Every structure is written in C-alpha cells, then in structure tokens.
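Asker: Questions regarding the structure given below will be posed in turn.
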Amino acid sequence: MKRILFASVVVFVAIIMSVSCTRTNTNGEGYKPIIGLSLDSLVVERWRRDVDSFTRAATDLDATVKLRVANQDADTQIAQIKNLVDSGIDVLVVIPNHADKLTEVCRMVERKGIPVISYDRLVNRANVDLYISFDNVQVGYLMAHTALMARPKGNYIIINGAITDNNAYMINRGYHEVLGPQIATGTIQLVKEIWPSDWISDEVKSRFEMLLSEEKNIDVVLCGNDMLAETVIGVLSENRMLGKTLVLGQDAELSACQRVAEESQYATIYKPIEKLSLKAAALAVMLAKGEKLPATETINDGLYEVPYVKLEPILVTKESLEATVIKDGFHQREDVFRNVSNH
C-alpha cells in the first residue's frame, strides 16, 4: 500500500509540475531543496510515524530534511525555527505547539521569502502558504455521530484537546454539529466540557476525577485524542464504571486499537498518516522549487484565507478494525488482538 500511495504522490507531482512558478528558484538545476521540519513533540505515537514517513518521502524526492523537536514548549519551538532559518532552508514545515504564539515567527519566515506549510495543525493569523491536514471537523462529527447511534439518550461529557491547538476547536465544532439539536431538545444532556491547557493528561485526570465525584451517571465521553481517552478509561476503571460508559478518541494508536478490540474503548478515528506525510513532502518540495500549488480549498486562519489540502479521516470500531488499520498495515493483527482470546 505504501508503494501505491507513493506512486500516487509522484503522479500528483508530475501533473502539477507544469504549473507556473510563484517564487523564483535561484539555486540552479540539480539543487536539492532543504526542508526545515519543526515538530511540537514526539510524545504522541503518531508523530513518530509522521516524521519517519515525511523524511522518507522527502529523501525520495531528492530533498534534505532538517528536523527540530520542541518537546511541547512554544518558546523552544520559536527559537528552533529561527535557528532553522539561520542555518539555511528553502521551506518550513511546522507542526505548531501553540496556534497563536507561533504567529509572529511564521510571519518572520515568510518575510524572508521562505514558504511555510502548517502541517496537521494551523498557525493562526500567519497567512502560511499552505495548511495540510485531515478534516478535523469531520473527526468530531464521526465521533459524535457514532456515539449518538449507540447511545441516543443520556449524559455526555466532552474532553477537548489543548486550548492552544486550533484542531481542538475544529473537532469541537464537529461534536456540536451532531449533538447540538439533541442537546436543544433535551435528549442528550451535556454534563460538562473540559478544555485542558495542553495535551498532557494529568490535568484531565484530576478534572475528570472531580467530575465523577459529583456525577457518576455518564453514558458517553468524547475525547480529543486516544491519550486522553486512555486517561479517562483509567479513571472509569478505578471507579468501577468501565463498560458502562462509552469512550471515544482519535489517532488510532496501537494501545487505542487494542482497547477497541478489548471493548474498553468504543471507537477511535484513523487518519492514514502515509497519505498526509507523502502529500505534504511533495508539496513542500514544490514550494521549495518555486512551483505554484494546485487549486485547493481555503480555511480562515483568523485573518487570512489560507490554501487548505484536506484529507478524510476514517472511523474505527471493533467491527472495522480488520478493514481499516489492519488491512492498511498501520498495525499488525497480532498486535491489535494481543489481549483478546480466540483471535
């Protein structure tokens, strides 16, 4: 499948290489573009996959990648981006720690004539050259719709992603598109929404524990990602509520898929990272070479309309594990069902 995906990207690049340039490439024939890849952290399992896949794809396209990892600190990421620019890069690909704190440094990069791609997460009001991500509103929609089909009545809790991450707001919009009418009629009671200050689960754990001390009749918990879902499931288990409450997350991490197989987590959202990283690498090389990007949708970053390449997420339940993450080779069957008998 990886070969097929890469072949499709190569075709994609070949088709659009003929489009006129927006920036002038002065490096001459045979020059290998240098891509600066600025990453928030490697805490979440999926980011390691993104980095590996992106780097392989860029290398296959005859580009060099300079990687910097900010360890979940916006100030560190800002300093690292400045360092990347000083070291010499042709394009910056950034997975921002903070949607607002990175605005000015991304504008600075643009002023120096270096194009910027916002990868997976959008930098607000920065007018980057491209935002490429999965459809985050659809992520929230899929989670809420799936939960509603299983529990059409009852008490719901929403545990959002980091308040600093624009994706969390987009996912939240997807939740409310589905649940809004049900909340309005009283079919669904939204007991609580939690907005943590970052993606670290310690804050969520304490706030969820406090919530459970006040309300133990909870039917569904929608979580910003699988790491937060794991935290919620741990607290539910401690309170002997596991199995009574449906918990949903996103990212299709191996541990989450194992929980889905074991039925402690109801569902997760799979985002085929190969598709995202391969396409992002191809577009980064195009920008580095001064090629014009193909016509795309746009997304408002709070001030500007930014070109937006949007990929579709995929729902994963116990019934669809085989047809999604296992079929794609994202996880191995023996790993997913490791703790499940008769598989």
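The values are calculated or read from the model by the stated rules, or taken from the named source; none is laboratory data. Here the structure is a predicted model, which is why all the values come from computation and not from measurement. Reconstructed Cβ throughout: ideal geometry from the backbone, glycine too, with neighbour counts over all protein chains shown. Heavy atoms of the whole protein, side chains included, go into the accessibility calculation; ligands, DNA and RNA do not. Shrake-Rupley method; radii C 1.70, N 1.55, O 1.52, S 1.80 Å.
Asker: Is it the case that LYS275 is modelled with pLDDT under 95, open to solvent by 60 Å² or more (accessible area, probe 1.4 Å), out of contact with any helix residue (DSSP H, G or I) (no Cβ under 9 Å at 6 or more places or on another chain) and closer than 27 Å to THR59 by Cβ? Reasoning before the result, please.
Answerer: Values: modelled with pLDDT under 95: yes; open to solvent by 60 Å² or more (accessible area, probe 1.4 Å): yes; out of contact with any helix residue (DSSP H, G or I) (no Cβ under 9 Å at 6 or more places or on another chain): no; closer than 27 Å to THR59 by Cβ: yes.
Considered against the rule, which asks whether it is modelled with pLDDT under 95, open to solvent by 60 Å² or more (accessible area, probe 1.4 Å), out of contact with any helix residue (DSSP H, G or I) (no Cβ under 9 Å at 6 or more places or on another chain) and closer than 27 Å to THR59 by Cβ, LYS275 comes out as no.
Asker: Which ranges mark the helices (runs of 4 or more DSSP H) fully within the stretch 197-294 that have 1 or more residues being closer than 30 Å to LYS32 by Cβ, among the hydrophobic types (A, V, I, L, M, F, W, C) and in contact with a strand residue (DSSP E or B) (Cβ under 9 Å, 6 or more places away or on another chain)?
Answerer: Once the helices (runs of 4 or more DSSP H) in the stretch 197-294 are filtered for at least 1 residues that are closer than 30 Å to LYS32 by Cβ, among the hydrophobic types (A, V, I, L, M, F, W, C) and in contact with a strand residue (DSSP E or B) (Cβ under 9 Å, 6 or more places away or on another chain), what remains is 273-288.
Asker: Determine which member of the set LEU67, LEU102 is surrounded by fewer than 24 Cβ atoms within 10 Å (Cβ to Cβ) and among the hydrophobic types (A, V, I, L, M, F, W, C).
Answerer: Details: LEU102 fails: surrounded by fewer than 24 Cβ atoms within 10 Å (Cβ to Cβ).
Going through LEU67, LEU102 in turn, just one is surrounded by fewer than 24 Cβ atoms within 10 Å (Cβ to Cβ) and among the hydrophobic types (A, V, I, L, M, F, W, C): LEU67.
Asker: Test VAL260 against the stated conditions and say whether it is under 30 Å from TYR156 (Cα atoms) and modelled with pLDDT under 95.
Answerer: Details: under 30 Å from TYR156 (Cα atoms): yes; modelled with pLDDT under 95: no.
For VAL260, the condition - under 30 Å from TYR156 (Cα atoms) and modelled with pLDDT under 95 - is not met.
Asker: Check whether at least one residue in the stretch 35-51 is at pLDDT 90 or above, over 30 Å from TRP199 (Cα atoms) and of a type in the set (D, E, K, R), and report yes or no.
Answerer: Taking every residue of the stretch 35-51 in turn, none turns out to be at pLDDT 90 or above, over 30 Å from TRP199 (Cα atoms) and of a type in the set (D, E, K, R).
Asker: Could you check THR185 against (1) among the hydroxyl-bearing types (Ser, Thr, Tyr); (2) more than 14 Å from LEU122 (Cβ to Cβ); (3) within 22 Å of the chain's Cα centre (by Cα) and say which number it fails?
Answerer: (3)
Asker: Residues being among the polar types (S, T, N, Q) and open to solvent by less than 10 Å² (accessible area, probe 1.4 Å): count how many of those fall in the stretch 251-272.
Answerer: Matching residues across the stretch 251-272 total 2.
Asker: Taking the stated definitions as given, is VAL235 free of Cβ contacts under 8 Å to residues at least 40 places away in the same chain and either open to solvent by 60 Å² or more (accessible area, probe 1.4 Å) or more than 30 Å from GLU312 (Cα to Cα) (or both)? Let's see the steps before the verdict.
Answerer: Details: free of Cβ contacts under 8 Å to residues at least 40 places away in the same chain: yes; either open to solvent by 60 Å² or more (accessible area, probe 1.4 Å) or more than 30 Å from GLU312 (Cα to Cα) (or both): yes.
Yes: the conditions hold for VAL235.
Asker: When the stretch 163-190 is examined, which residues are found to be assigned to a helix (DSSP H, G or I), in contact with a helix residue (DSSP H, G or I) (Cβ under 9 Å, 6 or more places away or on another chain), open to solvent by less than 70 Å² (accessible area, probe 1.4 Å) and not aromatic (Phe, Trp, Tyr)? If you could, list the steps in order and put the result at the bottom.
Answerer: Kept after step one, since they are assigned to a helix (DSSP H, G or I), are these residues of the stretch 163-190: 166-185.
Checking which are in contact with a helix residue (DSSP H, G or I) (Cβ under 9 Å, 6 or more places away or on another chain) leaves us with 166-179, 182-183.
After this cut, where a residue has to be open to solvent by less than 70 Å² (accessible area, probe 1.4 Å) as well, the list is 166-168, 170-172, 174-176, 178-179, 182-183.
Correct list: ASN166, ASN167, ALA168, MET170, ILE171, ASN172, GLY174, HIS176, VAL178, LEU179, GLN182, ILE183.
Asker: Same structure again: Does TYR156 satisfy being surrounded by 23 or more Cβ atoms within 10 Å (Cβ to Cβ), in contact (Cβ under 8 Å) with a residue 24 or more places away in the chain and assigned to a strand (DSSP E or B)?
Answerer: Yes; evaluated as a whole, the condition is true for this residue.
Each row is one residue, and each column tells you yes or no for (1) within 27 Å of GLU312 (Cβ to Cβ); (2) under 23 Å from the mean Cα position of the chain (by Cα); (3) outside any helix (DSSP H, G or I); (4) outside the structural domain of GLY290 (by the TED database).
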| position | (1), (2), (3), (4) |
| --- | --- |
| ARG49 | yes, yes, no, no |
| ARG56 | yes, yes, no, no |
| ARG68 | no, yes, yes, no |
| ILE78 | no, yes, no, no |
| ASN83 | no, no, no, no |
| GLU104 | no, yes, no, no |
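Asker: Tell me, please, whether a residue that is charged (D, E, K, R) and either under 18 Å from the mean Cα position of the chain (by Cα) or not assigned by the TED database to the domain that holds VAL93 (or both) can be found in the stretch 277-289.
Answerer: The answer is yes; a qualifying residue exists.
Asker: Counting just the residues of the stretch 118-152 that are in contact with a strand residue (DSSP E or B) (Cβ under 9 Å, 6 or more places away or on another chain) and on the phi > 0 side of the Ramachandran plot, which one comes out modelled with the lowest pLDDT?
Answerer: Only one residue fits best here, namely ASP120.
Asker: As an exercise: evaluate ARG56 against (1) modelled with pLDDT of 80 or more; (2) over 13 Å from LEU278 (Cα atoms) and give the number of the one condition it does not meet.
Answerer: So ARG56 meets the others, but not (2).
Asker: Scan the stretch 285-310 residue by residue and report those that are surrounded by 17 or more Cβ atoms within 10 Å (Cβ to Cβ) and among the aliphatic types (A, V, I, L, M).
Answerer: Across the stretch 285-310, the qualifying residues are VAL285, MET286, LEU287, ALA288, LEU293, ILE299, VAL306, VAL309.
Asker: Give the residues of the stretch 295-329 that are assigned to a helix (DSSP H, G or I), more than 18 Å from the chain's Cα centre (by Cα) and among the polar types (S, T, N, Q), sorted by residue number.
Answerer: Correct list: SER320 only.
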